[in-house]
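One structure is given here, and the rest of the page talks about it.
The values are calculated or read from the model by the stated rules, or taken from the named source; none is laboratory data. Because the structure is a prediction, the values reported are computed rather than measured. Here the Cβ is made from the backbone with ideal geometry for all residues, glycine too, and neighbour counts use every protein chain on show. What goes into the accessible areas is simple: the full protein's heavy atoms, side chains included, and nothing from ligands, DNA or RNA. Shrake-Rupley method; radii C 1.70, N 1.55, O 1.52, S 1.80 Å.
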Amino acid sequence: MIRVTVQLHGTLPRRVPAYDPERGLTISLAPGATVADLLDALGLTAEDTGVVALDGRVAQPADALSDGARVRIFQVAHGG
Amino acid sequence: MQLIRVNMTDQSIHVEDMPSAYEGLGGRGLTSVMIDAEVPPRCDPLGPENKLILAPGLLSGTPLVNTGRISIGAKSPLTGGIKESNSGGKIATSLAKLGIAAVVVEGQAPAGALWRLVIDDQGKAALQQASDDKGARTYALCAKLLEQFGPKYTIACIGPAGELQLGSASIQTTDVDDRPCRAAARGGLGAVMGAKGLKAVVVATQGKASDTIADPEGFKEAAKAIAQGLQKNPFTGQVLPNLGTAGILGGVNAMGAFPSYNATKGVFDGWEKISGEALAERLQQRGGKTKHMGCSQCIIHCSNEYVDDKGKYVTSSLEYETLWSMGGMIGVDDLDAIARLDFLCDDIGLDTMNTGVALAVAMDAGHKPFGDGAAAIAMVEEVARGTDFGRILGSGPVAVGKHFNHHRVPAVKGQGIAAYDPRAMQGLGVTYATSTMGADHTAGNLLGLYMAGALDPLAAEGQADASRGAQVTMAALDCIGLCILAGGAVASSKGREAMLRLLGAKFGREMAPDALTEMGVRILKAEKNFNTRAGLSATDDRLPRFFHEEPLPPHNKTFLVSDDDLDKVYNFQ
Ligand code: SF4
């Protein structure tokens, strides 16, 4: 198993009971898991999420996650 | 619907029915088509030939949600081209309820004279001497005028920057709670109003002469579909009411597109201190408002009320663009300093974006260190005092760049960029370069496409077409008077269909499926026509050189879209 730390932004934290914004979430996934697998595990759909930032870079759904990765998830937004 | 023409030269007022040439136009459609038809394109923007036009949207004053938006148009002293600057508050709905399609301010009062225009609840307009208000800041002015006229009035006004006729001068409108904190900020239209000798437009909110709706039932039903769409959408239904537009900040920063330290970095180190999440937390702790209705008819409530550590009102609404221009762009990560700068700009009547970019250029040139919030506050105060440096700063980033002989000036057609770097969001670069308005994110923002993964923000491909599409849609929405933040409601085919049904029900005729595109194209063509006749050419549709030459970390990209592609953006079929 690999463990990744996830930080949720916007109103996503409200969807996870007892989410602690300081510490984020720690999620365990199978080795070779991708960003898409992580979103699945969190129950997030394409409609909910926008940018997934992986160690400071913007990630694609097929990008593989490594053990200890830090992931930030933002919601889709439109500029105004 | 009627046009009220106010001649400042002889203080005469004429009311006329909407000429047939302008039928079917409102908001930006009306201001732009009218300016193209009536304003000599080579005129001095601060002279008597220019016209300042205030027009509510086509559907302002109807039961449709989020239509409390006003377009203010003129030839811009900042860009030298046509300008539409959009604001909220109550004035659009109020004018529409009085049956007024536009207020057209013409001519010029003798130098030193100052007037206010008052439109009462019967729609009758009169000019009143306002020499007592000379030099007044907007908060004090509006408090005084609303005390005098009573709470059933709303105001559009200028502050000291407008009276000084500076290129970054805004026109401030009062919000739902009667504070002059909404702004038609861009393009120096406050300077045009100041040059006319007009300090304020005071409008009754209780008019009963709204334009008729041909099919009220059909209208109601389609309006309901739009409102439901906005409530269901996670961005307009959850993010904006809870975090405001500041909710965008984390995502844009994560995409490396948050122009920081005068656009030398795409990620701001202190972003977590000024993000939407940090702002909401601060306001919750201090008893401010994270959710606030800024404009009439709004169901999104993206606005907020920032308070100090004693719970006292500082400003409303602290928005994403200001958190950037007075935050990351000048290296400031202190929300209290940013909120103070936001208030000062509203009070002096200044565009927070153009002023922030101007400050960033001054800091980049070594005038003051990045991150020095107190120095930024002192510099903005100089604008109100009208010192030599204050006048340069208030004239915008290009004036500041010239003053310091500094090359890195992030502006197009004289107007400072917005909070999306064109090297990390290439399509925003296309919009900045080609928009008839100068660097204007609201003219065609592609953030939604990038965040949804529908378009690669870093590649040149596809950006010109996407920008053209967004520019056409935005022009149509600005004509209708729909808030840009509610624009998502017409992004889907179902939403577009509902909007066509609304227009059809309003005018009592079926709208063609491409009616919105046609509307947008008509407006953009009029604007382009004006700009060409004003002397703007393809060389003005370019980003500053440094965007092509200096890679932006962390992606280390330059602006890649070719000049050929830029020149095709306004080739409409
Ligand atoms: S979403 Fe914000 S800007 Fe738009 S109408 Fe509502 S309060 Fe005004």
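So for chain B, averaging the separation of alpha carbon pairs under 8 Å that are six or more residues apart and normalising by length, what relative contact order in percent results?
Computed over chain B, the figure is 16 percent.
For the stretch A:1-58, which trypsin sites (Lys or Arg not before Pro) are both in a DSSP coil and crowded by at most 13 other Cβ atoms within 10 Å?
A:23
In Å and whole numbers, how far do the C-alpha atoms of the stretch B:2-204 stretch along each principal axis, longest first?
That works out to 40, 39, 29 Å along the principal axes.
Carbon and sulfur: what percent of chain B's accessible surface (1.4 Å probe)?
49 percent
Measure off, as a whole percent, the carbon and sulfur share of the 1.4 Å-probe accessible area of the stretch A:2-75, all protein chains present.
Roughly 49 percent, rounded to a whole number.
Would any residue of the stretch B:40-71 have its amide N under 15 Å from a label point 7 Å out along Cα→Cβ of residue B:23? List them or say none.
Label zone hits: none.
Just want to confirm a number: the relative contact order over the stretch B:247-288, from Cα pairs under 8 angstrom separated by 6+ residues, in percent.
Reported as a whole number, the value is 35 percent.
For residue A:66 and residue B:385, what does the FRET efficiency come to when R0 = 41 Å and r is the distance between their Cβ atoms, rounded to the nearest 0.05?
Plugging the Cβ-Cβ distance into 1/(1 + (r/R0)^6) gives 0.15.
Taking θ as phi - 60°, what are the ³J(HN,Hα) couplings along the stretch B:461-476 by the Karplus curve (6.51, -1.76, 1.60), each to the nearest whole Hz, with x for Gly and Pro?
Karplus values, whole Hz, x for Gly and Pro: 4, x, 6, 5, 5, 5, 5, 4, x, 5, 5, 5, 4, 5, 4, 5.
Viscosity 0.692 mPa s, temperature 37 °C: what is the translational diffusion coefficient of chain B from Stokes-Einstein with a Kirkwood Rh over Cα pairs, rounded to a whole number of µm²/s?
142 µm²/s
Per 0.36 nm of contour for each residue apart, how much would the distance between residue B:221 and residue B:456 grow if the chain were fully extended, relative to their Cα-Cα spacing?
80.9 nm
Would you list, by chain and number, the aspartates and glutamates whose Cα falls below 16 Å from the Cα of residue B:310, excluding same-chain residues fewer than 8 positions away?
Reachable aspartates and glutamates: B:281, B:336.
Net charge near residue B:203, counting Lys/Arg +1 and Asp/Glu -1 over other residues with Cβ under 13 Å of its Cβ?
+2
With r as the distance between the Cβ atoms of residue B:571 and residue B:533 and R0 = 22 Å, compute the FRET efficiency 1/(1 + (r/R0)^6) and round to 0.05.
0.75
Counting C-alpha atoms alone, how compact is chain A: give Rg to one decimal and Dmax as a whole number, in angstrom.
Taking only Cα atoms of chain A, I get Rg and Dmax of 11.9, 42 Å.
Tell me: how much accessible area in total is hidden between A and B, 1.4 Å probe, Å², nearest 100?
2000 Å²
May I ask you to give the solvent-accessible area per residue for chain B, in square angstrom, as obtained with a 1.4 angstrom probe?
Accessible surface, normalised per residue, equals 33 Å².
Please report, in cubic angstrom per residue, the volume enclosed by the convex hull of the alpha-carbon atoms of the protein assembly as shown.
139 Å³
If you take each beta carbon of peptide B:448-459 and count the beta carbons of other chains within 10 angstrom, what is the mean?
4
So, in nm, how far is label residue A:1 from label residue B:334 when the simple model puts each one 7 Å beyond its Cα toward the Cβ?
If labels sit at residue A:1 and residue B:334, their model points lie 4.6 nm apart.
How big is the antiparallel share of DSSP beta bridges in the stretch A:2-75, given as a percent to the nearest 5?
For the stretch A:2-75, the DSSP antiparallel bridge percentage is about 75.
Multiply the residue separation of residue B:214 and residue B:407 by 0.36 nm, subtract the distance between their alpha-carbon atoms, and state the gained length in nm to one decimal.
My answer for the length gained is 63.9 nm.
Counting Lys and Arg as +1 and Asp and Glu as -1, what is the net charge of the other residues whose Cβ lies under 14 Å from the Cβ of residue B:449?
Residues close to residue B:449 contribute a combined charge of -2.
Go ahead and run the numbers for FRET between residue B:12 and residue B:152, Cβ-Cβ distance against an R0 of 22 Å, rounding to 0.05.
The pair residue B:12/residue B:152 has a calculated efficiency of 0.25.
So, with +1 on the Cβ of K and R and -1 on the Cβ of D and E, and no other charges, what is the size of the charge dipole of the protein assembly as shown about its Cα centre, to the nearest 20 debye?
760 debye
Helix-only mean residue ellipticity at 222 nm, the protein assembly as shown, DSSP H runs n ≥ 4 weighted -39,500 (n - 2.57), per residue, nearest 500. What is it?
Computed ellipticity for the protein assembly as shown at 222 nm equals -10000 deg cm²/dmol.
With an 8 Å cut-off on Cα pairs and a minimum separation of 6 or more residues, tell me the relative contact order of the stretch B:2-204 in percent.
23 percent
What fraction of the DSSP beta bridges in the protein assembly as shown is antiparallel, stated in percent and rounded to the nearest 5?
Of those bridges, close to 75 percent are antiparallel.
Can you give the mean number of other chain Cβ atoms that lie within 10 Å of the Cβ atoms in peptide B:482-495?
Neighbouring Cβ atoms belonging to other protein chains average 1 per residue here.
Which trypsin sites (Lys or Arg not before Pro) does the stretch B:520-573 hold that lie in a coil by DSSP with at most 13 other beta carbons within 10 Å?
Answer by residue number: B:545.
Using the alpha-carbon centroid of each, what span in Å lies between the stretch B:479-506 and the stretch B:1-46?
If you average the Cα positions of each part, the centres end up 26 Å apart.
Can you tell me which of B:24-34, B:213-223 comes out highest on packing, and rank the rest after it, using the mean Cβ neighbours within 10 Å?
Packing proxy ranking, top to bottom: B:24-34, B:213-223.
Any idea how far apart residue B:38 and residue B:273 come out in nm if each label point goes 7 Å out from Cα toward Cβ?
Taking the simple label geometry, residue B:38 and residue B:273 are separated by 5.0 nm.
Can you list the lysines whose alpha carbon sits under 30 Å from that of residue B:525, skipping same-chain ones fewer than 8 residues off?
B:51, B:75, B:83, B:90, B:97, B:196, B:413, B:494, B:506, B:568
On full extension of the chain, what length is gained from residue B:512 through residue B:465, given 0.36 nm per residue of separation minus the C-alpha to C-alpha distance?
Length gained between residue B:512 and residue B:465: 14.7 nm.
Quickly rank B:160-167, B:11-18, B:103-110 as a protection proxy: mean count of other C-beta atoms within 10 Å, highest first.
B:160-167, B:103-110, B:11-18
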